[in-house]
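These notes are about the structure you will find just below.
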Amino acid sequence: MKYLWMGLLLCSGYAGAQRDPMLALFNGKENPVLLVQEKEPYWDFKVHWWLPVSGTQSLAVNRGGMMRSIPWELGMFHFGDALYREVGSSLGLAYEESWVDMGARIQIQQVMVQDEFTKWEWPWAVGMQAKPKKGLRLGWYIYDKKVSPFLSMGFGKKWNIYTETAFKERGTGLVLFQYRHTEMLGLSLMMSPGAIAIGISLNSYPITWGYGVKNHPYTAFSHGAFVRYEKVD
């Protein structure tokens, strides 16, 4: 396996911003160009819930792989509670070159407010990243018509720093400090305006387990967890 999932929001210093289900859970979005880092078939199961708010949660299941050297991912997700919820599915594709990567994702989702209002939406995202040298990634992605540039810098096999913000949206800037202690143990710290998240993961290939907590002034205390199964040939 070329890439290991080494922790909540954890990145490999060689791969740049390594994909991690917790990044999407705690950040609320995910850069589709990061699909290029998937080299093996996999299943992801994610859950994110808020306390003391009762009944509010996010659930997601993703299946990914390679088709003629093209990384792909199919997903199903749920967000909300009895008052408001979003339910849908997604398809993501990516393309990798020696110096630049590209990715795109399209979703179809149903938004429901109790039993009184329902509508269908088609959110999408596209992204691109340049790779000027090993351990360094520069790029951008667009989601909900917002442009979000990002920078990832790897320092050997242990450390990675990832920064991201978004134009036309306040309070979305974040910094990730990611540390791979051993091949089995990963640690991470994410900071954004008014919020902080910490996490840990254990890799027992082909299964990786992750858990983290986040404190936010609006959503209070929240938990996130994932289980990843990577197919063994």
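Apart from one condition, V147 fits all of (1) under 26 Å from I70 (Cα atoms); (2) touching a helix residue (DSSP H, G or I) at 6+ places or on another chain (Cβ under 9 Å); the exception is (2). Among the residues making up the range 189-233, those that are among the small types (G, A, S), surrounded by 15 or more Cβ atoms within 10 Å (Cβ to Cβ) and over 10 Å from F26 (Cβ atoms) are S201, G210, A225.
Scanning the range 61-72 for any residue that is within 20 Å of A225 (Cα to Cα) and not in a strand (DSSP E or B) turns up nothing.
Within the range 39-60, the residues that satisfy the criterion of being open to solvent by 80 Å² or more (accessible area, probe 1.4 Å) and assigned to a loop (DSSP other than H, G, I, E, B) are P52, S54. Within the range 91-148, restricting attention to residues that are open to solvent by 30 Å² or more (accessible area, probe 1.4 Å), assigned to a strand (DSSP E or B) and of a type in the set (D, E, K, R), the residue that is farthest from I161 (Cα to Cα) is K119.
Residues that are surrounded by 19 or more Cβ atoms within 10 Å (Cβ to Cβ) and farther than 24 Å from Y211 by Cα do occur in the range 166-186, at least one of them.
Residue-level analysis places G80 outside the set of residues that are surrounded by 15 or more Cβ atoms within 10 Å (Cβ to Cβ), more than 25 Å from Y205 (Cβ to Cβ), modelled with pLDDT of 90 or more and not aliphatic (A, V, I, L, M).
The values are calculated or read from the model by the stated rules, or taken from the named source; none is laboratory data. On a predicted model such as this, the values are computed, not experimentally measured, just so you know. Ideal geometry is used to build each Cβ from the backbone, glycine not excepted, and the neighbour counts take in all protein chains shown. Areas reflect the complete protein model, heavy atoms only, side chains present, ligands, DNA and RNA absent. Shrake-Rupley method; radii C 1.70, N 1.55, O 1.52, S 1.80 Å.
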